[in-house]
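Written below as structure tokens is the structure these notes are about.
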Amino acid sequence: MSRSYTNLLDLASGNFPVMGRERDRRRMSRVMTVPGSICELDDDQAVSVSSDNQSSLAGDRMIVVANQLPLKAKRRPDNKGWSFSWNEDSLLLRLKDGLPEDMEVLFVGSLSVDVDPIEQDDVSSYLLDKFRCVPTFLPPNIVEKYYEGFCKRHLWPLFHYMLPFSPDHGGRFDRSMWEAYVSANKMFSQKVVEVLNPEDDFVWIHDYHLMVLPTFLRRRFNRLRIGFFLHSPFPSSEIYRTLPVREEILKALLCSDLVGFHTFDYARHFLSCCSRMLGLEYQSKRGYIGLEYYGRTVGIKIMPVGIHMGHIESMKKIADKELKFKELKQQFEGKTVLLGVDDLDIFKGINLKLLAMEHMLKQHPSWQGQAVLVQIANPMRGRGIDLEEIQAEIQESCKRINKQFGKPGYEPIVYIDRSVSSSERMAYYSVAECVVVTAVRDGMNLTPYEYIVCRQGVSGAETDSGVGGPDKSMLVVSEFIGCSPSLSGAIRINPWNVEATAEAMNEAVSMAEQEKQLRHEKHYRYVSTHDVAYWSRSFLQDMERTCADHFRKRCYGIGLGFGFRVVSLDPNFRKLSIDDIVNAYIKSKSRAIFLDYDGTVMPQNSIIKSPSANVISILNKLSGDPNNTVFIVSGRGRESLTKWFSSCRKLGLAAEHGYFLRWEREQKWEVCSQTSDFGWMQLAEPVMQSYTDATDGSCIERKESAIVWQYRDADSGFGFSQAKEMLDHLESVLANEPVAVKSGQHIVEVKPQGVTKGLVAEKVFTSLVVKQKLADFVLCIGDDRSDEDMFEIIGDALSRNIISYDAKVFACTVGQKPSKAKYYLDDTSEVVLMLDSLADATDTPVTSDDEPADSD
């Protein structure tokens, strides 16, 4: 077994292996710092697949991974072997239509039947050769806990907004089921690796059964192009955060390059979870949404899946040949048919639909004897929650309604509790005046799409039965299903409101024929152009766009278990080497050092804001060297900086982003701006106060030259939303004032125009030019947007001849993120360590309070 995969399983179970024999001591280092692909430390290296292996097949391929292969399987009549055929109803099979013709597609997944272990090798070879399918054979004990357990009793109910309030209501979290889920995902990854060429292949993973699979693949190949599409809803953060393994699943999904959802609501919930639980904020650029995750941009795709037009039309032809349409037309002659087609589970709202039908018949007696609701209940895949209770409830409602409103030759409810073939389903669609979907939560639900196409008829077909004739359709759909936003001509309902649903059903069947036709035409245009091929083509295009920089960037794999992630960096953006900067420091004669405070030498979330004795000692050493000009450049007020750095005689201070500047302790503060009118504060403060009153955890910080609204302790999502709104509000109110309104990390600040940290750097360089001591060593470190102004000035300093032509320049940001700096350090501890190394290389004695200060 792969040892790195074992780490994931150990982490999932909460157990850590006991290291015994020498062979078992081999393990992966906690932090991988070697750029490029990561090799597994497997016991069986001979059969492992590395990214250097070349595929026998040239060109890009698509490997589609799902819980089940798009195949039907049955035992041969002689009980010797199996016969296989494509499952024509499978969505995965149809997505090939949107991919380039020359792109080979392989499928990886499990089979719907149990294959004896002695037959598995033969079946695998046959399926790969004949169907380009790679079966994953899961042991029965894993299947039970993985599929029926974690998938169906934990993820599926939770993603449909059902919380496990009691053992009988969804089931408590069972860690052994989570371990089985991780084990199953690992087995799927091993099958992918068997056929994978990581340099050329795309891997497209489908649905909640395989949400941690991206981590396994990313561990092996950190430049592999991975897409994931969730076919179920993604719940709000308030629901999702109840999952004990919430962060593990989020981090696993972020190992993908592109994560797809049916609707913006589902994507918004995912982004909210990433923000609240991982502290990640999304960015929207030119219509594309992305999450910056350790230097990688994880794309967010919003695209509802479509249907396969050709398959629907072929099923219509079969229904016509089998005379199913003619039979149903005779059965319901003179009646108005409303149709429901649902899987039998607790979220489809079938009984709510029956109650709405009952209410419609009561409120509109003219439909008694006329309107018929045909409800097809497909048997549920797997063992559902509360299935017997649901069936009993539905049957009781059917019996009551038919008893109350039925009469000889008429039953208002026709309940079909069996599997219905595709062709028979198409025939029911064709006779229905209206399709009603009352699901209380559903990922997509393609029933309305199929119905619309069936009512349009078969393209170019002329039939005696008239199956090609209907060209109008009506839809009553729940607002809680994925297809609802795309069906603008449907009557949307809240299925919990039985009375409103009944009125919507009455409105749908009573509507004028011309309006029905116009609504149908609008829907058909959308469904016919946004089919499954359009969906898959669009997803592939976004995968290509998102992965375009894969082979240009340098990649590092770091972390263990589900904490593993790939750090992707621009070739010109690299970690600051302490050895390199110390060597440059020693060789230089005139040095300029600029240090931000919060988030740079002091951790951003530290409760104690004053500098430590160690930081003071380091700054004294650096600023005590006559060859050094050292400045703390902060957004804080001069009162705080004066107090905190009172023991540093030679240290320069720039307060409020450079509005105030002091060269050393014994000198007076200078004002670096011409602005002296602060009347605008009387306009800005009331606006900020109104947002403070409305945003719990926020506060206003008043400075001498600026006013700042902070929301670090507020709810992250609400605070961020309020900050965006306030920014617009302040820009409008202060449009004619000489001020700049800026947003930063958890702040919105209003300050005089032209006051930036960059001007501090420019002032220091100019001063050194006057003294004929052009800086030949420049170090600038900061962590947020305000520091980018310093990086920009420093970047231009060489071309402006305000520093030495051979100066060594080190512009460094804290954390790996887009920046104008060319270097980074991971956190404040690394910054202090680097400064300590420079201080150790400083020979000049420290200027203490017991010694007289040097005079210029």
Subset of the range 632-687 [assigned to a strand (DSSP E or B), crowded, with 16+ Cβ neighbours inside 10 Å and among the charged types (D, E, K, R)]: Arg662
Scope the range 125-154; condition open to solvent by less than 10 Å² (accessible area, probe 1.4 Å) and assigned to a helix (DSSP H, G or I); matching residues: Leu127, Tyr146, Gly149, Phe150, Cys151
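For the range 772-783, check the following and say yes or no: at least one residue is open to solvent by 70 Å² or more (accessible area, probe 1.4 Å), within 24 Å of Ile707 (Cα to Cα) and touching a residue at least 40 places away in the same chain (Cβ under 8 Å).
Step one: filter the range 772-783 for residues open to solvent by 70 Å² or more (accessible area, probe 1.4 Å), giving 772-773.
Applying the additional criterion that residues be within 24 Å of Ile707 (Cα to Cα) yields none.
So far as the range 772-783 goes, no, none of its residues is open to solvent by 70 Å² or more (accessible area, probe 1.4 Å), within 24 Å of Ile707 (Cα to Cα) and touching a residue at least 40 places away in the same chain (Cβ under 8 Å).
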Restricting the range 328-355 to residues that are acidic (Asp, Glu) and modelled with pLDDT of 90 or more, the residue that is surrounded by the fewest Cβ atoms within 10 Å (Cβ to Cβ): Glu333
Selection status of Lys621, in contact with a helix residue (DSSP H, G or I) (Cβ under 7 Å, 6 or more places away or on another chain) and outside any strand (DSSP E or B): yes
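Can you tell which of Gly815, Gly795 is open to solvent by less than 20 Å² (accessible area, probe 1.4 Å) and over 13 Å from Ile593 (Cα atoms)?
Details: Gly795 fails: open to solvent by less than 20 Å² (accessible area, probe 1.4 Å).
That would be Gly815, the only listed residue that is open to solvent by less than 20 Å² (accessible area, probe 1.4 Å) and over 13 Å from Ile593 (Cα atoms).
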Neighbours by Cβ (under 9 Å, 6+ apart or cross-chain): first from the range 72-87, within 15 Å of Asp116 (Cβ to Cβ) and exposed (fewer than 10 other Cβ atoms within 10 Å of the Cβ); second modelled with pLDDT under 95 and aromatic (Phe, Trp, Tyr): Arg76/Trp82
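Condition check ((1) over 18 Å from Val630 (Cβ atoms); (2) within 35 Å of the chain's Cα centre (by Cα)) across all residues:
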{"position": "Glu737", "(1), (2)": "yes, no"}
{"position": "Glu749", "(1), (2)": "yes, yes"}
{"position": "Pro752", "(1), (2)": "yes, no"}
{"position": "Val755", "(1), (2)": "yes, no"}
{"position": "Ala761", "(1), (2)": "no, no"}
{"position": "Leu768", "(1), (2)": "no, no"}
{"position": "Lys771", "(1), (2)": "no, no"}
{"position": "Cys780", "(1), (2)": "no, yes"}
{"position": "Asp806", "(1), (2)": "yes, no"}
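Count, please, the residues in the range 500-523 that happen to be assigned to a helix (DSSP H, G or I) and open to solvent by 40 Å² or more (accessible area, probe 1.4 Å). Lay out the reasoning, then the answer.
Within the range 500-523, the subset assigned to a helix (DSSP H, G or I) is 500-510, 513-523.
Going one step further and asking which of them are open to solvent by 40 Å² or more (accessible area, probe 1.4 Å), we end up with 500, 503, 507, 510, 513-515, 517-519, 521-522.
Within the range 500-523, residues that are assigned to a helix (DSSP H, G or I) and open to solvent by 40 Å² or more (accessible area, probe 1.4 Å) number 12.
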Scope the range 567-618; condition open to solvent by less than 30 Å² (accessible area, probe 1.4 Å), without any contact (Cβ under 8 Å) to a residue 40 or more places away in the chain and part of a helix (DSSP H, G or I); matching residues: Ile616
Only one of Glu194, Glu238, Glu248, Glu199 that is within 19 Å of Val566 (Cα to Cα), open to solvent by 30 Å² or more (accessible area, probe 1.4 Å) and assigned to a helix (DSSP H, G or I): Glu248
Within the range 251-275, considering residues that are hydroxyl-bearing (Ser, Thr, Tyr) and assigned to a loop (DSSP other than H, G, I, E, B), the one farthest from Pro304 (Cα to Cα): Ser256
Enumeration of residues in the range 389-417 that are open to solvent by 20 Å² or more (accessible area, probe 1.4 Å) and touching a strand residue (DSSP E or B) at 6+ places or on another chain (Cβ under 8 Å): Gln395, Asn402, Glu411, Val414, Tyr415, Asp417
Output for the range 282-300, where each listed residue is surrounded by 16 or more Cβ atoms within 10 Å (Cβ to Cβ) and either without any contact (Cβ under 8 Å) to a residue 24 or more places away in the chain or closer than 26 Å to Asp531 by Cα (or both): Tyr282, Ile289, Gly290, Val298, Gly299, Ile300
Failed criterion for Leu158 (all others in (1) touching a residue at least 24 places away in the same chain (Cβ under 8 Å); (2) surrounded by fewer than 20 Cβ atoms within 10 Å (Cβ to Cβ) hold): (2)
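Identify, from the list Ala319, Ala371, the residue that is buried (at least 23 other Cβ atoms within 10 Å of the Cβ), of a type outside the set (Val, Ile, Thr) and at pLDDT below 95.
Working: Ala371 fails: at pLDDT below 95.
Ala319 is the lone residue from the list that is buried (at least 23 other Cβ atoms within 10 Å of the Cβ), of a type outside the set (Val, Ile, Thr) and at pLDDT below 95.
Identify the residue in the range 532-566 that is outside any helix (DSSP H, G or I) and among the β-branched types (Val, Ile, Thr) and, among all such residues, is least open to solvent (accessible area, probe 1.4 Å). So that I can check it myself, show each step before the final result.
To start, the set of residues in the range 532-566 that are outside any helix (DSSP H, G or I) comprises 547-560, 564-566.
From the residues that got through so far, the ones that are among the β-branched types (Val, Ile, Thr) too are 558, 566.
Values: Ile558: 30, Val566: 1 Å².
Looking at the filtered set, the residue picked out is Val566.
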Candidate set: the range 264-281, residues that are small (Gly, Ala, Ser) and closer than 12 Å to Gly717 by Cα; chosen: the one least open to solvent (accessible area, probe 1.4 Å): Ser275
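Every residue in the range 276-290 that is part of a helix (DSSP H, G or I) and either of a type in the set (A, V, I, L, M, F, W, C) or closer than 19 Å to Ile205 by Cβ (or both), please.
Of all residues in the range 276-290, those part of a helix (DSSP H, G or I) come to 276-278.
Once the filter is applied, which keeps residues that are part of a helix (DSSP H, G or I) and either of a type in the set (A, V, I, L, M, F, W, C) or closer than 19 Å to Ile205 by Cβ (or both), the range 276-290 yields Met277, Leu278.
Can you spot a residue in the range 301-313 that is open to solvent by 50 Å² or more (accessible area, probe 1.4 Å), in contact (Cβ under 8 Å) with a residue 12 or more places away in the chain and assigned to a loop (DSSP other than H, G, I, E, B)?
So in the range 301-313, the residues open to solvent by 50 Å² or more (accessible area, probe 1.4 Å) come out as 302.
Adding the requirement that they be in contact (Cβ under 8 Å) with a residue 12 or more places away in the chain leaves 302.
Filter once more, so that each one left must be assigned to a loop (DSSP other than H, G, I, E, B): none.
So far as the range 301-313 goes, no, none of its residues is open to solvent by 50 Å² or more (accessible area, probe 1.4 Å), in contact (Cβ under 8 Å) with a residue 12 or more places away in the chain and assigned to a loop (DSSP other than H, G, I, E, B).
The values are calculated or read from the model by the stated rules, or taken from the named source; none is laboratory data. Worth saying up front: this structure is predicted, and the values here are computed from it rather than measured. Because the Cβ atoms are built from the backbone with ideal geometry, glycine has one as well, and the counts that use them run over all protein chains shown. With ligands, DNA and RNA removed, areas are computed over all heavy atoms of the protein, side chains included. Shrake-Rupley method; radii C 1.70, N 1.55, O 1.52, S 1.80 Å.
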